[in-house]
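Asks: Pasting a structure here, questions to come.
The values are calculated or read from the model by the stated rules, or taken from the named source; none is laboratory data. Predicted, not measured: the structure shown is a model, and the values here were computed from it. Neighbour counts run over all protein chains shown; Cβ positions are idealised from the backbone, glycine included. Protein only, heavy atoms only, side chains kept; ligands, DNA and RNA dropped before computing areas. Shrake-Rupley method; radii C 1.70, N 1.55, O 1.52, S 1.80 Å.
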Amino acid sequence: MNPLKQSALVLSLIFAPFLVNNLLVFVNSISPPCSSSSSDTAVFDAIASINPKSPLNAGKNRTSASCSQGSPTSCHVWDVACSEAVLGLARKPENVEWIKGLRRKIHENPELAFEEYETSKLIRTELNRMEIEYRYPLAKTGIRAWIGTGGPPFVAIRADMDALPIQEGVEWEHKSKVPGKMHACGHDAHVAMLVGAAKILKDREHLLKGTVILLFQPAEEAGNGAKRMIGDGALENVEAIFAVHVSHEHPTATIGSRTGPLLAGCGFFRAVISGRKGLASNPHHSVDPILAASATVISLQGIVSRESNPLDSQVVSVTSFNGGNNLNMIPDTVVIGGTFRAFSNASFYNLLQRIQEVVVEQASVFRCSATVDFFENDSTIYPPTVNDDIMYEHVKKVATDLLGPQNFRVVPPMMGAEDFSFYTEIVPAAFYYIGVRNETLGSIHTGHSPYFMIDEDVLPIGAAVHASIAERYLNERG
C-alpha cells in the first residue's frame with residue numbers, strides 16, 4: 001500500500017470516533033427531545049453503529065425514557081436529577097451563608113406574639129429583593145406571598161415568626177440582644193427556611209405548574225395567630241398546606257412525621273369555687289371551699305382514668321390551687337386551674353364539657369358554687385393537629401427521594417400543641433419535624449429551654465424540603 005494512503009487510513013481510524021461523537025452532540029442539540037421521524041432514527045442508528053459506545057446510545061435511551069415520562073428538564077415527572085437540582089441551589093455556598101445570616105439576624109432581635117414588626121420588615125426586604133409579590137399585613141404582622149403562575153392549583157407553606165419571653169442562656173456570638181426575649185422554639189429557623197425555599201422556588205418559577213403561597217405567621221406561641229391569618233384570607237384558594245418544626249429529638253436534617261393525629265388539642269381552665277369565710281376554729285360557721293376544691297381535684301382525675309378509652313390518650317392536669325395565705329381563716333373562694341389535652345376533637349370537647357360538669361357539681365356537694373373559665377375569648381384553645389393521609393404520604397415521598405429513606409422516620413404522637421391545627425381543620429395538611437440534634441454543638445435541649453439552640457446546617461436542607469414539597473405538589477396536580 002502507498003505509505004501516504006497507509007498513514008491517512010491510520011489517522012482516520014484514530015480520529016473517526018471523536019468526529020462521530022462531536023457530530024452526535026451536534027445532532028442531539030438540534031433535535032427535538034421527544035419527537036423524531038423514521039429517517040432521523042435511521043441516521044442516528046447508522047452513526048451509532050460506527051461507535052457503539054458513543055453518547056448517542058446513552059442519549060438514545062435517555063430520550064426514550066424522557067419521551068415516555070416527560071421532559072427531564074421540566075421535572076414534571078420527578079427524578080434524581082430534579083432532587084439534585086433543588087439541593088444544589090440550596091447548598092450553594094453563597095446561599096448557605098445568606099440563609100444562616102438571615103436566621104442570626106432574627107435570632108438576635110426576637111419579638112413576641114403580634115410584635116414581629118422588624119422580623120416582618122426583614123422578610124419583606126428579602127421578598128422585594130427577589131421580586132416576589134406579597135400582601136401585608138395579615139393578622140397585624142403577617143405576610144402572604146406567592147410564586148408561580150398566579151393560577152391554580154394553590155399550595156401553601158407556613159412559617160411562624162414569634163419568640164418567647166425567656167432569657168437566653170446560650171453564650172454565642174449571635175445571642176439575643178433583647179433582655180427577657182429569645183427564639184427558644186426555633187421560629188427564627190422556620191422563617192429562614194421558608195425564605196430560603198422562596199429563593200429556590202423563584203429560581204425554578206418557570207417549572208411551577210401552579211402557585212405556591214408563602215405564609216409568614218405571627219403569634220403561634222400565644223394568641224392563635226393562625227386563626228387570625230385565616231380570618232384575613234391566608235387560605236384563599238389554597239387546597240393544601242404544609243409546615244415544619246425543628247426538633248431536638250432527631251439528628252440534623254432527619255424528617256419525621258406520621259399520618260393522622262400528630263399533636264394534641266390543648267385547652268386551659270380556671271375554676272373559682274365560692275363558699276363562706278369563717279374562722280378555722282369554728283368550721284361549722286363557714287362553707288368550706290378548700291374541702292370542695294380538694295374533692296374537685298380528685299374527681300377531675302376520674303375523667304380520664306374511668307371515663308376515657310385507655311387507647312385514646314387524654315390528659316387532665318390541675319396545676320394551680322390558691323386559697324389565700326391566712327392560716328387561721330377558711331377563705332370565701334378557692335381558685336384552681338390547669339390544662340387538658342386530647343388527640344381528637346370529639347375527645348377534646350368532651351373533656352371540656354366534663355371538666356365544667358365535675359367542677360360545678362362537685363362544689364355543690366359541699367354547698368359551694370363554682371364557675372369555670374376556658375379562656376375561649378382569649379384564643380387559648382388549640383384543636384388537635386391531624387395530618388391528612390395523602391398529604392403525609394406526599395411529605396414522606398418527597399423527603400425520602402430528596403434525602404434518602406434513612407433520613408425519614410415515622411414518629412409517635414406528642415401531647416404538645418400547635419396552632420397549625422387551625423389550618424388542618426380547613427384544608428388537607430401535613431405537619432412534619434426536621435431534626436436539629438447535634439451533641440457536638442450542644443444542640444440537645446428541648447424547645448422553650450433557655451439553652452435551646454439548633455444546628456444551622458439544617459437550614460438549607462429545610463429550604464430544599466419545603467421547595468420540593470411545593471413544586472412536586474403542583475407538578476402532580478397542575
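Asks: Would you check which residues across the stretch 438-462 are over 21 Å from residue 194 (Cβ atoms) and of a type outside the set (Phe, Trp, Tyr) and list them?
Replies: 438, 439, 440, 441, 442, 444, 445, 446, 448, 449, 450
Asks: Can you name the condition, by its number, that residue 345 falls short on among (1) of a type outside the set (Val, Ile, Thr); (2) more than 16 Å from residue 315 (Cβ to Cβ); (3) at pLDDT below 95?
Replies: (2)
Asks: Give the residue that is surrounded by the fewest Cβ atoms within 10 Å (Cβ to Cβ), with candidates limited to residues of the stretch 447-475 that are in a helix (DSSP H, G or I) and either polar (S, T, N, Q) or modelled with pLDDT under 95 (or both).
Replies: Among those that are in a helix (DSSP H, G or I) and either polar (S, T, N, Q) or modelled with pLDDT under 95 (or both), it is 475.
Asks: Residue 188 passes all but one of (1) within 18 Å of residue 242 (Cα to Cα); (2) assigned to a loop (DSSP other than H, G, I, E, B); which number fails?
Replies: Among (1) within 18 Å of residue 242 (Cα to Cα); (2) assigned to a loop (DSSP other than H, G, I, E, B), the lone unmet condition for residue 188 is (2).
Asks: Does residue 221 qualify as being open to solvent by 40 Å² or more (accessible area, probe 1.4 Å), outside any strand (DSSP E or B) and either modelled with pLDDT under 95 or in contact with a Leu (Cβ under 7 Å, 6 or more places away or on another chain) (or both)?
Replies: yes
Asks: Restricting to the stretch 224-237, what's the tally of residues that are closer than 24 Å to residue 375 by Cβ and open to solvent by 10 Å² or more (accessible area, probe 1.4 Å)? If you could, list the steps in order and put the result at the bottom.
Replies: At the first step, the residues of the stretch 224-237 found to be closer than 24 Å to residue 375 by Cβ are 224-232, 234.
Among the residues that remain, those that are also open to solvent by 10 Å² or more (accessible area, probe 1.4 Å) are: 227-228, 230-232.
Number satisfying all stated conditions: 5.
Asks: Related question: Report the residue count in the stretch 238-266 for those that are touching a Gly at 6+ places or on another chain (Cβ under 9 Å) and either among the aromatic types (Phe, Trp, Tyr) or open to solvent by 60 Å² or more (accessible area, probe 1.4 Å) (or both).
Replies: Within the stretch 238-266, residues that are touching a Gly at 6+ places or on another chain (Cβ under 9 Å) and either among the aromatic types (Phe, Trp, Tyr) or open to solvent by 60 Å² or more (accessible area, probe 1.4 Å) (or both) number 1.
Asks: What do you reckon, is residue 144 at pLDDT 95 or above, part of a strand (DSSP E or B), open to solvent by 10 Å² or more (accessible area, probe 1.4 Å) and closer than 22 Å to residue 244 by Cα?
Replies: yes
Asks: Further question: Taking interchain pairs and intrachain pairs at least six residues apart, which have beta carbon atoms under 7 angstrom, with the first residue in the stretch 189-200 and at positive phi and the second surrounded by fewer than 24 Cβ atoms within 10 Å (Cβ to Cβ)?
Replies: none
Asks: Residues in the stretch 290-305: is at least one touching a Pro at 6+ places or on another chain (Cβ under 6 Å) and either closer than 26 Å to residue 375 by Cβ or in contact (Cβ under 8 Å) with a residue 24 or more places away in the chain (or both)?
Replies: Among the residues of the stretch 290-305, not one is touching a Pro at 6+ places or on another chain (Cβ under 6 Å) and either closer than 26 Å to residue 375 by Cβ or in contact (Cβ under 8 Å) with a residue 24 or more places away in the chain (or both), which makes the answer no.
Asks: Working only within the stretch 267-286, note down all residues that are touching a Gly at 6+ places or on another chain (Cβ under 8 Å), open to solvent by less than 10 Å² (accessible area, probe 1.4 Å) and either among the aliphatic types (A, V, I, L, M) or touching a residue at least 60 places away in the same chain (Cβ under 8 Å) (or both).
Replies: Matches in the stretch 267-286: 269, 271.
Asks: Looking at (1) touching a residue at least 24 places away in the same chain (Cβ under 8 Å); (2) under 17 Å from residue 250 (Cβ atoms), which is the only condition residue 441 fails?
Replies: Looking at each condition in turn, residue 441 falls short on (1).
Asks: Oh, and also: If you check 184, 189, which single one turns out to be crowded, with 24+ Cβ neighbours inside 10 Å, of a type in the set (Gly, Ala, Ser) and under 16 Å from residue 465 (Cβ atoms)?
Replies: Going through 184, 189 in turn, the sole match is 189.
Asks: Continuing with this model, one more query. Of everything in the stretch 314-331, what is open to solvent by less than 70 Å² (accessible area, probe 1.4 Å) and over 17 Å from residue 353 (Cα atoms)? Give them in sequence order.
Replies: 320, 323, 324, 329, 330, 331
Asks: Same structure again: Checking residue 163 against (1) closer than 23 Å to residue 267 by Cα; (2) open to solvent by 10 Å² or more (accessible area, probe 1.4 Å), which test does it fail?
Replies: Tallying (1) closer than 23 Å to residue 267 by Cα; (2) open to solvent by 10 Å² or more (accessible area, probe 1.4 Å), residue 163 fails exactly one: (2).
Asks: From the list 177, 105, which residue is in contact with a helix residue (DSSP H, G or I) (Cβ under 7 Å, 6 or more places away or on another chain), surrounded by fewer than 18 Cβ atoms within 10 Å (Cβ to Cβ) and within 30 Å of residue 230 (Cβ to Cβ)?
Replies: 105
Asks: While we're looking at this one, here's another question. For the stretch 113-141, which residues satisfy the criterion of being part of a loop (DSSP other than H, G, I, E, B) and either at negative phi or touching a strand residue (DSSP E or B) at 6+ places or on another chain (Cβ under 9 Å) (or both)?
Replies: 113, 115, 116, 130, 132, 139, 141
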